[in-house]
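Student: Sharing a structure below in structure tokens format, with a few things to ask.
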Amino acid sequence: MKSSHIAAIVAAATAATAAAAQPAAQTTPAPATLDLSATAEVQAAPDIASIGAGVVTQAPEAQAALSANSEKMVRVVAALKKAGVADRDIQTSGLNLQPQFRYEQNQPPQLTGFTASNRVQVTLRDLKGAGKVIDTLVKEGANQIDGPDFRVAAPEPLLDKARAEAVAKARARAELYAQAAGLKVVRITEISEGFQQQAPSPKVRTMAMEAAADTPVSPGEIGLSATVTMAFELAPR
């Protein structure tokens, strides 16, 4: 019985020694990866514009300031509709009535009157008539004009083109980096879309007190851009 126990111990020790003598299993190294972002932009002629128009009036009494403002704004909206702007393209964006004070040293504020303001946001779908619409707004009482901001009404096809160009740019850049490092691109492991936008257009004017005949408005072109982020797996050549 004792000899059997000793034999079992010897066998176990021999097995452990043999296992220790075997080489350790090698761990496969993680593949090299490369993360890149690329942006592409396409240019297009805008086909829609947004204009902000406002009426500001002042009077000693609040009701008088608001009434005068309302009369002018009614004329402004009527002129817009007469110029062919649809109801859906005219939206009130701000209505305000504030007291005005005069401040003097060592004296309490003195109420001098009230200022009323009313603003509308106008969408223009006929850009050829944008200058005439601006002149009409000022003629009918608008004394604040912002814009126009030019846009593309249906930007998706143009953004899709920018997306495709951004992907091509990222792939070309990945090939460049891989070649410079003595590697090759095996596959794309991840792709995601980042920021995409229509580039804002410059303001034509921010304040108009008097109308100029046939105010010039040039739509020009705007940029639509898309950004993609991609991950690439690399391997030795």
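Student: Lys128 fails exactly one of the following numbered conditions: (1) under 14 Å from Val217 (Cα atoms); (2) part of a loop (DSSP other than H, G, I, E, B). What is the number of that condition?
Tutor: Among (1) under 14 Å from Val217 (Cα atoms); (2) part of a loop (DSSP other than H, G, I, E, B), Lys128 violates only (2).
Student: I've got another one for you. What pairs come up if the first residue lies in segment 79-91 and is assigned by TED's automatic domain parsing to the domain that holds Asp135, the second is assigned to a helix (DSSP H, G or I) and among the aliphatic types (A, V, I, L, M), and their beta carbons are under 6 Å apart, counting only those six or more places apart or on different chains?
Tutor: Here the result reads Ala83/Val133; Ile90/Leu80, each pair linking segment 79-91 to a residue that is assigned to a helix (DSSP H, G or I) and among the aliphatic types (A, V, I, L, M).
Student: While we're here: Being more than 20 Å from Ala49 (Cβ to Cβ), at pLDDT 95 or above and loosely packed, with under 13 Cβ neighbours inside 10 Å is the requirement here; does Leu176 meet it? Quick ask: steps written out before the conclusion?
Tutor: Values: more than 20 Å from Ala49 (Cβ to Cβ): yes; at pLDDT 95 or above: yes; loosely packed, with under 13 Cβ neighbours inside 10 Å: yes.
Yes.
Student: Within segment 128-141, does at least one residue satisfy the condition of being of a type in the set (Gly, Ala, Ser) and closer than 30 Å to Pro60 by Cβ? Steps first, answer last, please.
Tutor: Kept after step one, since they are of a type in the set (Gly, Ala, Ser), are these residues of segment 128-141: 129-131, 141.
Imposing the further condition that a residue be closer than 30 Å to Pro60 by Cβ reduces the set to 141.
Yes, the conditions are met somewhere in segment 128-141.
Student: Looking at Lys161 and the list (1) at pLDDT below 95; (2) surrounded by fewer than 18 Cβ atoms within 10 Å (Cβ to Cβ); (3) under 17 Å from Gln43 (Cα atoms), which single condition is not satisfied?
Tutor: (1)
Student: Shifting gears a bit: Residue by residue through segment 89-111, note down the ones that are closer than 21 Å to Val55 by Cβ and either assigned to a strand (DSSP E or B) or of a type in the set (Lys, Arg) (or both).
Tutor: Listed by number, the residues that qualify are Ile90, Gln91, Thr92, Ser93, Gly94, Leu95, Asn96, Leu97, Gln98, Pro99, Gln100.
Student: Within segment 2-9, identify whether any single residue is modelled with pLDDT of 90 or more and loosely packed, with under 12 Cβ neighbours inside 10 Å, and answer yes or no. Explain how you work it out, then say what you get.
Tutor: Within segment 2-9, the first condition is being modelled with pLDDT of 90 or more, and the residues that meet it are none.
Checked segment 2-9: no residue is modelled with pLDDT of 90 or more and loosely packed, with under 12 Cβ neighbours inside 10 Å.
Student: Another one. Picking from Ser117, Ser192, which residue would you name as being out of contact with any Lys or Arg (no Cβ under 9 Å at 6 or more places or on another chain) and outside the structural domain of Ala68 (by TED's automatic domain parsing)?
Tutor: One residue alone meets the criteria, Ser192.
The values are calculated or read from the model by the stated rules, or taken from the named source; none is laboratory data. Since we're looking at a predicted model, the values are computed, not measured. Glycine gets a Cβ as well: all are built from the backbone with ideal geometry, and neighbour counts include every protein chain shown.
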